There are 2 protein chains.
Amino acid sequence: MSESVLKNHINSYLPLSEEELSEIISYFEYHTYKKKEILILTGKRCNKLFFVSKGCLHLYFIDDLGYKKTTQFAMENWWLTDFLAFQNQKESNFSIESIENSEVLSISFSKYNELLNTFPSLEKYFRNIYETAYGAALMRLKYINSYSKEEMYFRFQEEFPEFVQRVPQYLLASFLGLTPEYLSEIKKNRFS
Amino acid sequence: MSESVLKNHINSYLPLSEEELSEIISYFEYHTYKKKEILILTGKRCNKLFFVSKGCLHLYFIDDLGYKKTTQFAMENWWLTDFLAFQNQKESNFSIESIENSEVLSISFSKYNELLNTFPSLEKYFRNIYETAYGAALMRLKYINSYSKEEMYFRFQEEFPEFVQRVPQYLLASFLGLTPEYLSEIKKNRFS
């Protein structure tokens with residue numbers, strides 16, 4: 001199942017034969033993770049790039065008070081890692097954890113480079129993925145600098161209602177820079 | 001001069017011949033901008049991607065009170081546009097302005113695609129650029145969620161001292177989410 005999700009995603013950007021797609025998939029490892037399993041730990045060498053075919057992961061760090069703070073979520077068809085650390089084969093600045101039971105394809109840094117050398121047409125696929133992800137990050141930085149945290153929550157809820165339903169509320173709060181208590185206040189006032 | 005800056009930058013990622021590099025450059029237009037010229041205006045179709053060979057640009061928006069807020073700076077060897085709007089050929093969510101006298105190479109969306117079709121090896125170059133830019137944006141989002149605005153300024157100053165010297169302080173303040181007055185207070189207290 002996971003394999004066909006990635007094949008379809010690549011195929012939506014690039015016309016490749018079934019044979020090529022199957023060879024591409026052979027560079028990946030398939031994993032299932034239960035909710036709350038750790039895939040990468042802060043401070044360990046970041047040697048994996050993940051594609052989510054089912055479920056949800058998050059990229060997070062632990063703040064000075066010991067709270068998890070989510071920097072990025074990744075649901076179906078998303079790629080996730082600490083990209084700077086992965087690119088430079090350094091220690092990760094983030095941890096990655098499954099927040100639902102998840103199915104994931106992973107690729108090591110050496111396999112990723114081998115894959116891109118063998119199938120250079122995949123450079124186009126990843127160029128598009130990262131171009132969009134970077135553009136979206138700039139929009140997110142704009143929102144952070146434009147809106148109050150309360151407005152951020154309502155905009156987010158309007159734009160991604162399914163997402164807001166799906167992720168644990170204390171992680172959604174940390175993603176928006178709120179305390180869980182404040183998020184719960186906002187929601188209560190909204191519906192009271 | 002601008003041409004050789006871009007050629008060298010591409011060559012640091014990809015081994016291409018002088019002939020190929022010259023053909024690549026022919027897809028670009030060369031511009032010089034005086035300080036405070038507008039390159040792209042919010043709300044207009046975003047049809048250009050910019051490479052800075054000299055000087056500095058910034059990607060900004062105007063907030064509700066009429067203040068400019070910088071989301072991204074681009075100095076020598078940086079690429080800049082509203083990537084989501086460029087990719088989808090939509091109205092820009094940002095304006096782009098030169099904050100120094102600048103030399104810039106620009107490419108239109110249709111030329112960009114033509115260039116990538118003619119020189120598919122450039123996909124690797126842009127994949128690397130955007131992979132790094134996205135990774136850096138995730139780190140910036142982590143810092144925003146980790147540090148006070150005051151700490152952000154000192155970390156930024158430590159990591160990019162030349163940059164802090166070079167950009168106008170009211171734009172640096174907006175980039176860090178501070179008021180210019182508060183930034184000036186922080187700096188005064190630091191050195192008093």
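The values are calculated or read from the model by the stated rules, or taken from the named source; none is laboratory data. In this text the structure is predicted, and so the values were computed from the model without any measurement. Using ideal geometry, Cβ is built from the backbone for each residue, glycine included, and neighbour counts are taken over all protein chains shown. Just so you know, the surface numbers come from the protein's heavy atoms only, side chains and all, with ligands and any DNA or RNA stripped out. Shrake-Rupley method; radii C 1.70, N 1.55, O 1.52, S 1.80 Å.
Overview of values
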quantity: Radius of gyration and Dmax over the Cα atoms of segment A:144-190, both given in Å; calculated: 9.7, 26
quantity: Over 16 Å [Cα-Cα, segment A:97-192], rounded percent; calculated: 69 percent
quantity: Distance between modelled label sites at A:ASN8 and B:ARG190, nm, 7 Å Cα→Cβ extension; calculated: 5.1 nm
quantity: Long-range amide H partners of B:GLY55 with built H, under 5 Å; calculated: B:GLU76, B:GLU103
quantity: Neighbourhood charge, 10 Å Cβ-Cβ cut-off, centred on B:LEU57 and excluding it, Lys, Arg +1 and Asp, Glu -1; calculated: -3
quantity: Solvent-accessible area, 1.4 Å probe, carbon plus sulfur percent, for segment A:45-192; calculated: 51 percent
quantity: Between segment A:1-68 and segment B:62-102, the Cα center-to-center distance that results, in Å; calculated: 31 Å
quantity: Rounded accessible area per residue of segment A:2-119, 1.4 Å, Å²; calculated: 46 Å²
quantity: The protein assembly as shown - charge dipole about Cα centre, Lys and Arg +1 at Cβ, Asp and Glu -1, debye rounded to 20; calculated: 1040 debye
quantity: Cβ-Cβ FRET estimate between B:TYR67 and A:GLU150, R0 fixed at 22 Å, reported to 0.05; calculated: 0.60
quantity: Table column - 3J(HN,Hα) (Hz), segment B:109-125, Karplus curve with 6.51, -1.76, 1.60, x for Gly and Pro; calculated: 4, 5, 5, 4, 5, 4, 4, 5, 6, 6, 10, x, 5, 5, 4, 5, 4
quantity: D (Stokes-Einstein, µm²/s), Kirkwood Cα radius, the protein assembly as shown, 0.692 mPa s at 37 °C; calculated: 147 µm²/s
quantity: In nm, spacing of pseudo-spin labels at A:GLU37 and B:LYS36 (7 Å Cα→C-beta vector); calculated: 5.9 nm
quantity: Share of Cα-Cα pairs in segment B:6-164 lying beyond 28 Å, as whole percent; calculated: 24 percent
quantity: Greater than 31 Å apart at Cα, pairs in A:LYS187/B:LYS90; B:LYS68/B:LYS188; B:LYS48/B:LYS68; A:LYS35/A:LYS187; A:LYS7/B:LYS44; calculated: A:LYS187/B:LYS90; A:LYS7/B:LYS44
quantity: Stretch gain in nm, segment B:GLU114-B:GLU18, where the contour uses 0.36 nm per residue and the Cα spacing is subtracted; calculated: 32.6 nm
quantity: Lys/Arg +1, Asp/Glu -1 at C-beta; segment A:2-119 dipole; positive extreme among A:VAL52, A:ILE96, A:TYR33; calculated: A:ILE96
quantity: Top positive-direction residue, dipole computed over the protein assembly as shown with Cβ charges, set A:LEU14, A:ASN113, A:LEU80; calculated: A:LEU80
quantity: Label 7 Å beyond Cα on the Cβ vector: B:SER110 copy-to-copy distances, nm; calculated: 4.8
quantity: Sequence-separation-based contact order of segment A:2-119, relative, with Cα cut under 8 Å and 6+ spacing, percent; calculated: 37 percent
quantity: Peptide B:62-73, shielding by other chains (average Cβ, 10 Å cutoff); calculated: 2
quantity: Dipole magnitude of chain B, debye to nearest 20 (Cβ charges: Lys/Arg +1, Asp/Glu -1, about Cα centre); calculated: 540 debye
